[in-house]
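> Could you have a look at this structure, given as structure tokens, before my questions?
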């Protein structure tokens, strides 16, 4: 059983790296496929959800799917509190995606969460937009 778990983790890492390579080559469709395979092998691989969200964000501007991915990453990171900085990044990215969908209320809420967790860009965005 432990061996199966190790194999799945290695597969998830391989798919994740392949997804990153595809994403860096602007092949968002392949990247999304690889990230989906990674989270099938390891459902708590938060970085795969963040990167998948980024791929959806940039590929055909699929902001709603990006938001779903960022929310899933947040769920993963909330289970592992030691990733506070990563959590702030997920909230910031989700806020940016909400902005693109025109949901300013959710965007502001996400940016505030990111800022509370120490994300400097979120703090700057809130300040630049006159939001306390």
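The values are calculated or read from the model by the stated rules, or taken from the named source; none is laboratory data. Quantities reported herein were computed from a predicted structural model and do not represent experimental measurements. We place every Cβ from the backbone using ideal geometry, glycine too, and count neighbours over all the protein chains shown.
> Based on this model, can you work out whether residue 34 counts as surrounded by fewer than 22 Cβ atoms within 10 Å (Cβ to Cβ) and in contact with a helix residue (DSSP H, G or I) (Cβ under 9 Å, 6 or more places away or on another chain)?
For residue 34, the condition - surrounded by fewer than 22 Cβ atoms within 10 Å (Cβ to Cβ) and in contact with a helix residue (DSSP H, G or I) (Cβ under 9 Å, 6 or more places away or on another chain) - is not met.
> What's the number of the only condition in (1) part of a helix (DSSP H, G or I); (2) exposed (fewer than 15 other Cβ atoms within 10 Å of the Cβ); (3) at pLDDT below 85 that residue 83 fails to meet?
(2)
> Go over the candidates 94, 111 one by one and state the one that is in a helix (DSSP H, G or I), touching a helix residue (DSSP H, G or I) at 6+ places or on another chain (Cβ under 6 Å) and either on the phi > 0 side of the Ramachandran plot or at pLDDT 90 or above (or both).
Going through 94, 111 in turn, just one is in a helix (DSSP H, G or I), touching a helix residue (DSSP H, G or I) at 6+ places or on another chain (Cβ under 6 Å) and either on the phi > 0 side of the Ramachandran plot or at pLDDT 90 or above (or both): 111.
> When you go through (1) buried (at least 17 other Cβ atoms within 10 Å of the Cβ); (2) not in a helix (DSSP H, G or I) one by one for residue 26, which number turns out not to apply?
Residue 26 satisfies every listed condition except (1).
> Here's a follow-up. Tell me, yes or no, whether region 29-42 has at least one residue that is in contact (Cβ under 8 Å) with a residue 24 or more places away in the chain and part of a loop (DSSP other than H, G, I, E, B).
Checking region 29-42: at least one residue is in contact (Cβ under 8 Å) with a residue 24 or more places away in the chain and part of a loop (DSSP other than H, G, I, E, B).
> Going by the structure shown, is residue 61 over 27 Å from residue 116 (Cα atoms) and free of Cβ contacts under 8 Å to residues at least 24 places away in the same chain?
Criteria not met by residue 61.
> Does region 102-125 contain at least one residue that is under 29 Å from residue 5 (Cα atoms) and either in contact (Cβ under 8 Å) with a residue 60 or more places away in the chain or crowded, with 17+ Cβ neighbours inside 10 Å (or both)?
no
> To continue, here is another question. Find the residue count for region 40-66, including only residues that are under 23 Å from residue 3 (Cα atoms) and crowded, with 21+ Cβ neighbours inside 10 Å.
Total meeting the criteria: 3.
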